[in-house]
Amino acid sequence: MTIPPLQKLLASESSRVEWKESDRDSKKFLPAISALANDLEGSGEAGFLVLGVEDKLGTVKGLPYATRKERDEAQQQLENRIAGVSLAPQPSVSIHAFAHGEAWLIVVEIAPYPTPPPVRYDAYVRRGTVTRKANEADVARLLERRPEGQLPYDQRRVAGATIADLDLTALRLEHAAKAEGDDTFPLLEAWLVQRGIVRRSGDGFVPTVMGLLLHGLEPTTFIKGASIEMVKYEGVDEDSRILARKTILGALPRQLDLAWDVVDAWNVDVPLPPNRIQLSFGRQYPPDALKELVRNLVQHRTYEGTHAPARITWFSDRIEISNPGGPFGVANQAEFGAQSDYRNPGLTERLAELGYVQKLGRGVRLVRKFLSQNGHPPLEVQTDGFTTLTIRGRS
């Protein structure tokens, strides 16, 4: 990239040039870097953040670095702030110091991020000379620029599916409720795009994997493994007599509700270890632990490249809960459950909005806590292309 002459950068702010007075206030300059990297207008041009210029009047005040050593240290500190965890994903930047009369300025050159998701400090965008937080429409617009193959699987279009494969009756009702009294609220199709339920394709709209999983009339028509198989055995192995069996289909909220109804019914009351002479009863397994694992069953599994369902297998002495796919991303680099990452980020976001999951990354830790508090052995974990979690009965 070629830096324009300093006088041009100081002439006026624009959609690709922003001024800030200080290089010390991260809360002011990191949103500017996020906005310039996101390049909402799709210009493909570098953005420039000029530090040392009063951002309302354009008065050049300069930075207090008189010596070469001071300027070098200031640039290093600035680079460290930009490279911290606040900006993700990391944009490509170059940092330069320039003399302007007796004043010194620092210019941060920011390359447009090539393949959104948006660069977040939250996510910011720039319209004209104004930097503001990205709204849902801005994020959707940025995501539309990302090549299909580089999107998370849950945000890709589903070949052969049409908008008619969604439960449009329920979606229209939700849209109408949110749009009530707001004349500026987007029309149904634009709202579905903003929500990641559909993506544009030519002149039409195609459901995403997430859209079909959450709002499809029958997701398994297109995503073959999107179901839950449940079986309860009388004994300790699969040669035992089958006591009950259930296959759960439909959109994921329905699957979660029905799966929990079955798990709750199978989790019968049993005698608890006696407290002195008293005899008491309680659930065979802690319900809160089972709730966490049922949620994880659909949230974290892989839907891509497999026809395998999620499975809940209930034996007389244990429960095995199995998903296609192993731990994802950074979650694969530590003890199971110690780190969280989202194979299905859009799906997780929407399930959290609906109240089915929490985006806190603490589910497995809570399961271990509930098991310990209720006298169960530790959670057993096996990852071999599937993730299988085993809860054993009380000792």
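The values are calculated or read from the model by the stated rules, or taken from the named source; none is laboratory data. Treat the numbers as computed from the prediction; the structure is a model and nothing was measured. No Cβ is skipped: glycine too gets one built from the backbone with ideal geometry, and neighbour counts run over all protein chains shown. These area figures cover heavy atoms from the full protein model, side chains too; ligands, DNA and RNA do not enter into them. Shrake-Rupley method; radii C 1.70, N 1.55, O 1.52, S 1.80 Å.
General observations
- Per-region count, segment 348-395, residues in contact with a helix residue (DSSP H, G or I) (Cβ under 7 Å, 6 or more places away or on another chain), in a loop (DSSP other than H, G, I, E, B), under 25 Å from P253 (Cα atoms) and not charged (D, E, K, R): 4
- Within segment 254-263, being surrounded by fewer than 18 Cβ atoms within 10 Å (Cβ to Cβ) and over 14 Å from T313 (Cα atoms) holds for R254, D257, L258, D261.
- Identity of the residue in segment 158-169, touching a helix residue (DSSP H, G or I) at 6+ places or on another chain (Cβ under 7 Å) and not acidic (D, E), that ends up farthest from L347 (Cα to Cα): A161
- Selection of segment 233-248 for residues being assigned to a loop (DSSP other than H, G, I, E, B) and either farther than 26 Å from W266 by Cα or open to solvent by 60 Å² or more (accessible area, probe 1.4 Å) (or both) yields E234, V236, D237, E238, D239, R241.
- Scanning segment 77-91 for residues that are open to solvent by 70 Å² or more (accessible area, probe 1.4 Å) and polar (S, T, N, Q) returns Q77, N80, Q90.
- Lone unmet requirement of (1) touching a residue at least 60 places away in the same chain (Cβ under 8 Å); (2) open to solvent by 20 Å² or more (accessible area, probe 1.4 Å); (3) more than 16 Å from T387 (Cβ to Cβ) for R295: (3)
- Considering segment 170-200, and only residues there that are β-branched (V, I, T) and within 30 Å of T302 (Cβ to Cβ), the residue that is modelled with the lowest pLDDT turns out to be V193.
- Test: residue in segment 69-76 that is in contact with a strand residue (DSSP E or B) (Cβ under 9 Å, 6 or more places away or on another chain), open to solvent by 10 Å² or more (accessible area, probe 1.4 Å), farther than 12 Å from I106 by Cβ and of a type in the set (D, E, K, R): no
- Any hit, segment 324-340, residues being modelled with pLDDT of 90 or more, loosely packed, with under 14 Cβ neighbours inside 10 Å and over 14 Å from the mean Cα position of the chain (by Cα): no
- Pair list, Cβ < 6 Å and 6+ apart or interchain, from segment 244-267 residues that are on the phi > 0 side of the Ramachandran plot and aliphatic (A, V, I, L, M) to residues that are open to solvent by 60 Å² or more (accessible area, probe 1.4 Å) and in a strand (DSSP E or B): none
- Residues of segment 100-124 that turn out to be at pLDDT 85 or above and open to solvent by less than 60 Å² (accessible area, probe 1.4 Å), as a count: 10
- Test: D261 is out of contact with any strand residue (DSSP E or B) (no Cβ under 7 Å at 6 or more places or on another chain), under 27 Å from G375 (Cβ atoms) and in a helix (DSSP H, G or I): yes
- Test: residue in segment 305-316 that is open to solvent by 20 Å² or more (accessible area, probe 1.4 Å) and modelled with pLDDT under 85: yes
- Here V209 fulfils each of the conditions (1) in contact with an Asp or Glu (Cβ under 9 Å, 6 or more places away or on another chain); (2) open to solvent by 20 Å² or more (accessible area, probe 1.4 Å) apart from (2).
- Across segment 268-282, the qualifying residues are those that are modelled with pLDDT of 75 or more and part of a strand (DSSP E or B), and the one among them that is most open to solvent (accessible area, probe 1.4 Å) is F281.
- Count - residues of segment 163-174 that are over 21 Å from I223 (Cα atoms) and open to solvent by less than 30 Å² (accessible area, probe 1.4 Å): 0
- Subset of segment 59-68 [surrounded by fewer than 15 Cβ atoms within 10 Å (Cβ to Cβ) and free of Cβ contacts under 8 Å to residues at least 40 places away in the same chain]: T59, P64, A66, T67, R68
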